[in-house]
Amino acid sequence: MKTERQLQILEVAKQLFLHHGFQKVTLGDIATEAGVSRPTVYQAFSNKEEIFSALIEGYQEKSLERIRELRDRKIPARSKIESAIEIWIIETFEILHSSPGARELLDCTFSFAT
């Protein structure tokens, strides 16, 4: 479970990454926007990549939880599949499409996957 400080840093980092892209954002930018010092950011996360990975993992966990909730709903299987696609694919691309730094964020996710 993430601490309150980690959640604050993650929320700020998410907004900065979506607006400026991963490469342009520094840990100093994250610290300034979060209203904390750089050492405080380093206490919560060892580097920018760890912050980005935590954001991706958190997003995936939330999406999977929403998809799991579909299993218990009394709706046709087709509706469950369509809803799962909406959550997993369409919403993700809508978020990235609305972000100025989206293309770079997509590129970054692939480099972290290895």
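If Leu64 passes every condition in (1) surrounded by 15 or more Cβ atoms within 10 Å (Cβ to Cβ); (2) assigned to a helix (DSSP H, G or I) but one, which one does it miss?
Failed condition: (1).
Could you give me the residue pairs with C-beta distances under 7 Å whose first residue belongs to the stretch 35-53 and is surrounded by fewer than 19 Cβ atoms within 10 Å (Cβ to Cβ), whose second residue is charged (D, E, K, R) and part of a loop (DSSP other than H, G, I, E, B) wherever it lies, and which are 6+ apart or on separate chains?
Every condition considered, no pair remains.
Considering only the stretch 80-97, I want to know if a residue exists there that is of a type in the set (Asp, Glu), within 13 Å of the chain's Cα centre (by Cα) and part of a helix (DSSP H, G or I).
First, the residues of the stretch 80-97 that are of a type in the set (Asp, Glu): 82, 86, 91, 94.
So of that shortlist, the ones also within 13 Å of the chain's Cα centre (by Cα) come out as 91.
Right, trim to part of a helix (DSSP H, G or I) and you get 91.
Among the residues of the stretch 80-97, at least one is of a type in the set (Asp, Glu), within 13 Å of the chain's Cα centre (by Cα) and part of a helix (DSSP H, G or I), which makes the answer yes.
Which members of the stretch 17-56 meet the condition of being under 18 Å from the mean Cα position of the chain (by Cα), assigned to a helix (DSSP H, G or I) and of a type in the set (Ser, Thr, Tyr)?
The first filter runs over the stretch 17-56 and keeps only residues under 18 Å from the mean Cα position of the chain (by Cα), leaving 17-27, 29-31, 33-34, 41, 44-56.
Subsequent filtering for residues that are assigned to a helix (DSSP H, G or I) retains 17-20, 27, 29-31, 33-34, 41, 44, 48-56.
Listed by number, the list holds a single entry, Ser53.
How many residues are open to solvent by 40 Å² or more (accessible area, probe 1.4 Å) and either within 11 Å of the chain's Cα centre (by Cα) or touching a residue at least 24 places away in the same chain (Cβ under 8 Å) (or both) when one looks only at the stretch 4-16?
Within the stretch 4-16, residues that are open to solvent by 40 Å² or more (accessible area, probe 1.4 Å) and either within 11 Å of the chain's Cα centre (by Cα) or touching a residue at least 24 places away in the same chain (Cβ under 8 Å) (or both) number 5.
The values are calculated or read from the model by the stated rules, or taken from the named source; none is laboratory data. Computed from a predicted structure; not experimentally measured. Neighbour counts are summed over all protein chains in view; Cβ atoms, including those assigned to glycine, are modelled from backbone coordinates with ideal geometry. These accessible areas exclude ligands, DNA and RNA; they are computed on the full protein's heavy atoms, side chains included. Shrake-Rupley method; radii C 1.70, N 1.55, O 1.52, S 1.80 Å.
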